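These notes are about the structure you will find just below.
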Amino acid sequence: MIDAVTLGVGLGLALLGGLLIALSGRQWCLCPHQHCPMLEPGQKVELTVEGERYATIVAVPEGETLLLIPPLQRGLPLSFEFGTFAEMRLTTPAGIFEAIVQFVGREVKPEPRLRVRLASRWSHSQRRRYERIPLPDEVSVALQRADEQWIGWARDVSMGGLRLIAPVSVPVNAQVRLELPRALRGLTDSDAERTARVVACERAPTRHGYAYQLRLAFVND
């Protein structure tokens, strides 16, 4: 026969287990990643509201609700209509986290603060592995694909690739052979010649008309 104490302990453990399952399920609902952002007071975030970007700061994180310091415009704190949705972006050493939030309230004391709630799960992407270095227009790079050769002008460069303006289009995923000038070899840790894969190709305006912008990722030779 089960006594009252044993029955009470059993019911308590069952309720606790159910609560933990519910909480973990709710957390997974909004954060499916193994490492989700730990929001803290003072963290910088970026809001995009109706196509406009604003920089702001987390004042108080409250689970699925956040209090934000209003962004300023002409020295005055901004406010947004209740129910308006915005994209929130948080950059951390672990990567970039993004989520949809909705404005649900406003506080004026002790200081102006905007209340938003998470309206979507967090998405996560890695930060750019290599820093890109902008270049002046006169840095030329020789390209070769099959028996065709051209001269392009590098716009920026990193250890992982470069972006340049070329006179012709090149199919995405095609490979080209690059002849790098001495000025770029140290920046890319490369020899004079390097193979790269076309990641993107799009029409781009230049000072002399239209050409093509190529985004190239270096291939290990």
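Tell me the residue from ASP156, ASP189 that is within 15 Å of PRO134 (Cα to Cα) and not aliphatic (A, V, I, L, M), please.
ASP156
Loosely packed, with under 11 Cβ neighbours inside 10 Å and either of a type in the set (A, V, I, L, M) or modelled with pLDDT of 85 or more (or both): is that true of MET38 in this structure?
Taking the combined requirement at face value, the residue satisfies it.
Filter the range 108-130 down to residues that are modelled with pLDDT of 90 or more and assigned to a strand (DSSP E or B) and give me whichever is surrounded by the fewest Cβ atoms within 10 Å (Cβ to Cβ).
It comes out as ARG117.
Taking the condition of being assigned to a strand (DSSP E or B) and at pLDDT below 90, how many residues in the range 62-85 meet it?
Here the count works out to 5.
For the subset of the range 140-197 comprising residues that are modelled with pLDDT under 85 and under 15 Å from VAL219 (Cβ atoms), which member is surrounded by the most Cβ atoms within 10 Å (Cβ to Cβ)?
Only one residue tops the list, namely THR188.
Can you tell me which residue is nearest to the chain's Cα centre (by Cα) among those in the range 71-122 that are closer than 14 Å to GLU46 by Cβ and polar (S, T, N, Q)?
Ranking the qualifying residues of the range 71-122, first place goes to THR91.
The values are calculated or read from the model by the stated rules, or taken from the named source; none is laboratory data. A quick note: this is a predicted structure, and the numbers were derived from the prediction, not measured. Backbone-built Cβ (ideal geometry, glycine too); neighbour counts: all protein chains shown.
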